[in-house]
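Step one of this worksheet: look at the structure below.
The values are calculated or read from the model by the stated rules, or taken from the named source; none is laboratory data. Owing to the predicted nature of the structure, the values given are computational and were not obtained by experimental measurement. Every residue, glycine among them, receives a Cβ derived from its backbone with ideal geometry; neighbour counts consider all protein chains shown. Keep in mind that these areas ignore ligands, DNA and RNA; they rest on the heavy atoms of the full protein, side chains included. Shrake-Rupley method; radii C 1.70, N 1.55, O 1.52, S 1.80 Å.
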Amino acid sequence: MIYWDHNAAAPVRPQVAALLARAFSEGGWGNASSVHRSGREARGRLDAARARVARVLGCEPKEVCFTGSGSEADALALKGTWLAHKEPKRRRVVTSTLEHPAVLAALKQLEALGAEVVRVRPGRDGRVPLEALLDALTPETLLCSLMWANNETGVVQPAAELSRACRQRGILFHTDAVQAVGKLPTHLREVDADLLALSAHKFGGPAGAGVLVVRKGVEVQALTPGHQEAGLRGGTQNIPYAEALALALELAHAEQPAHAARVQSLRDTFEREVRAHIPDVTVNGEAARVPNTSNLCFHGADGEALLIALDLEGICASSGAACASGTLTPSHVLLAMGLTPAQAHGSLRFSLGPETTEADVARVVEALVTHVPRARALNAE
């Protein structure tokens, strides 16, 4: 099998799998809130994992809140911040139309609570214009949210510049960094965010583990009340998953420069070969991208039929965001970029990983050369 859907979920790293196996087989299942020896040991493990995450991201350990996913981290950042700041004169939230569904859904809920949500559209290259974002930052703005890198196109957004502008204006800034970790240098000195979300299963950790960084002095109201996680998230902490996330994050951070160079070379070869052998193919989002992502529009093709044909060949790709797979709704990201519904339906995302080889590239190109004409003929019927 050729697995090119790493933006949906990356395989669990062997070191992480081994850590989890030990954690669940060798005891140490104490509750970190308990005062007995087992509880103190659990608390020590949790504190150590928190410190390791903080070291990689460049924040203080007490600023790290463990969550159950990146989606939960996004919701806690946006809804929790809104609920904690009852300022009648600052009801505006600025974001983009490209955001992950978790962010879009949370902001829709805030609108029902009285928020004025301003959604800035991207250009055809997939990048949200910084000038348009800055123009939207009025004195009434409480919060701004912009993803670091888009999950469907891989386009890197102007989060760094926007975070600095927000800090100068006294506006809280949140970034969904889920697709940046392991692909870009992900550190708070790069994007000076007040709130930063990430998810373990995107960089070799287990699904069901995430982090929200809440910088010192930022008020956030818990969505699940409780004393755990400094009062930000109630519920007994999943210590093995916190440790697994910390280990996966350290490994991804250490390997990022070499991995980025290698996988970008493979990605670029893939796109060059596809366009050399198949007519009428364009790259969706040709602005600066994370190195592993290629979103291609096969004009005139039935994207679902093409995806199924590749799957039968043992090739795993995607028609868009993983949370939207199985639906016939065109990608909101591609539509926001100006593609027609037909062009969005004819687009597939290929997200490469550390195990990708030159032979894989050749095999996927060969499969596309065979199946794209068939998918186009099917769509023409």
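Has the stretch 15-37 got at least one residue that is hydrophobic (A, V, I, L, M, F, W, C), under 22 Å from the mean Cα position of the chain (by Cα) and under 29 Å from residue 182 (Cβ atoms)? Yes, there is a match, as at least one residue in the stretch 15-37 is hydrophobic (A, V, I, L, M, F, W, C), under 22 Å from the mean Cα position of the chain (by Cα) and under 29 Å from residue 182 (Cβ atoms). Scanning the stretch 125-137 turns up at least one residue that is open to solvent by 10 Å² or more (accessible area, probe 1.4 Å), in contact (Cβ under 8 Å) with a residue 40 or more places away in the chain and under 30 Å from residue 4 (Cβ atoms).
Checked across the stretch 26-43, the condition of being within 26 Å of residue 355 (Cα to Cα) and aromatic (Phe, Trp, Tyr) holds for no residue. Put simply, of 197, 207 the only residue that is touching a residue at least 24 places away in the same chain (Cβ under 8 Å), on the phi < 0 side of the Ramachandran plot and surrounded by 24 or more Cβ atoms within 10 Å (Cβ to Cβ) is 197. A search for C-beta distances below 7 Å between a residue of the stretch 356-381 that is of a type in the set (Lys, Arg) and modelled with pLDDT under 95 and any residue that is surrounded by 19 or more Cβ atoms within 10 Å (Cβ to Cβ) and not in a helix (DSSP H, G or I), counting only pairs 6+ apart in sequence or on different chains, returns nothing. Which one of these is farther than 25 Å from residue 337 by Cα and not charged (D, E, K, R): 162, 98, 83, 104? The conditions single out 83.
Residues that are basic (Lys, Arg) and out of contact with any Gly (no Cβ under 8 Å at 6 or more places or on another chain) within the stretch 336-363 comprise just one, 363.
Put simply, of 91, 37, 43, 13 the only residue that is open to solvent by 30 Å² or more (accessible area, probe 1.4 Å), in contact with a Leu (Cβ under 8 Å, 6 or more places away or on another chain) and over 30 Å from residue 350 (Cβ atoms) is 91. The number of residues in the stretch 26-44 that are among the polar types (S, T, N, Q) and in contact (Cβ under 8 Å) with a residue 60 or more places away in the chain comes to 2. Taking helices (runs of 4 or more DSSP H) as the structural unit, those lying wholly within the stretch 272-381 and holding at least 2 residues that are surrounded by 15 or more Cβ atoms within 10 Å (Cβ to Cβ), more than 24 Å from the chain's Cα centre (by Cα) and β-branched (Val, Ile, Thr) correspond to 358-380. How many of the residues making up the stretch 236-268 are in contact (Cβ under 8 Å) with a residue 12 or more places away in the chain, among the polar types (S, T, N, Q) and closer than 19 Å to residue 7 by Cα? Qualifying residue count, the stretch 236-268: 2.
A residue that is at pLDDT below 95, under 17 Å from residue 8 (Cβ atoms) and aliphatic (A, V, I, L, M) can be found somewhere in the stretch 322-335.
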